[in-house]
Amino acid sequence: MPTAMDSENPAERPRSRAIYLLPNLFTTGCLFSGFYAIVAAIDGNYDRAGFAVFLAMLFDTLDGRVARFTRTESAFGKEYDSLADMVSFGVAPAIIAYQWGVARLFEYGSVWGRVGLLAAFLYAVCAALRLARFNTRHATADKNFFEGLPSPSAAAVVSSFIWSASAFSDPGLPGLILATLVTASAGALMVSQFGYNSFKQINAEGPVRFATFLLVPLGFILIAMFRSYALLAIFGTYALSGPVFWLIRRSQRAHRRGGAEG
């Protein structure tokens, strides 16, 4: 039987099974953006499709932060967020790549077309595997690093590449092959074991270096001026940072072993 003490302390009631409106509205915005990206790609509007994927990234960032800030995290919200991510960062980029490049690859032969189709499907499968692995290991994983390229970043690489390449009316077979390689590589990086900085260790409220402070407005200026090219450069660099730092660490370990043996 409820007591007066229960009504005076609503914060102590369990929240895990509740459904909260505000964070799930942002998740719905993420899902709608991914849906719109698919529709825009089918219509051939690749600039709108690319923009919609990045808008989905914004909503995906906000829903978790809003849930934590308002203390409205729930099991339902986590599952809903994962499903929305699969649509926006798994299915949508694969369809964007297919609509722009794979369909054209069939003009160069059925073999090329099947390779492109397989690359697009591989990306979608890798996104699903990446999200499933993240959900199962999130509680015990190192918060400062991601294992494998995060699915929003992989979606950003594919979408910004297609967005940039859509300026060329006839990319030719080399351009279509490059798009296929970018799509397949982004998928492979998602399920890799390369470590990627999560940037969660950065304290937004604490002091930062002046040079670091300048990077933020500089990034917005570059994105405003060059849009897809700047986004491709930013997220492409982030995607390459995983294997590059892995090679550097491996080289350093080999050098230390060689010095110890000498």
**Q.** Residue ID - surrounded by the most Cβ atoms within 10 Å (Cβ to Cβ), chosen from residues in region 161-188 that are in contact with a Phe, Trp or Tyr (Cβ under 6 Å, 6 or more places away or on another chain) and among the polar types (S, T, N, Q)
**A.** 183
Q) From the set of residues in region 39-49 that are touching a residue at least 40 places away in the same chain (Cβ under 8 Å) and surrounded by fewer than 22 Cβ atoms within 10 Å (Cβ to Cβ), which is nearest to residue 164 (Cα to Cα)? A) 47
Q) For residue 77, all conditions in the list (1) at pLDDT below 95; (2) under 30 Å from residue 230 (Cα atoms); (3) in contact with a helix residue (DSSP H, G or I) (Cβ under 6 Å, 6 or more places away or on another chain) hold save one; what is the number of the exception? A) (2)
Q.
Within region 43-115, considering only helices (runs of 4 or more DSSP H) that don't extend past its boundaries, which have at least 3 residues that are closer than 16 Å to residue 182 by Cβ?
A. 46-69, 92-97
Q | Residues being part of a loop (DSSP other than H, G, I, E, B), over 14 Å from residue 241 (Cβ atoms) and not β-branched (Val, Ile, Thr) - total across region 145-194 | A | 7
Q) Within region 95-116, can one find any residue that is charged (D, E, K, R) and either under 19 Å from residue 186 (Cα atoms) or modelled with pLDDT of 95 or more (or both)? A) yes
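The values are calculated or read from the model by the stated rules, or taken from the named source; none is laboratory data. Only a predicted model underlies this, so the values are computations on that prediction, with no experimental measurement involved. No Cβ is skipped: glycine too gets one built from the backbone with ideal geometry, and neighbour counts run over all protein chains shown.
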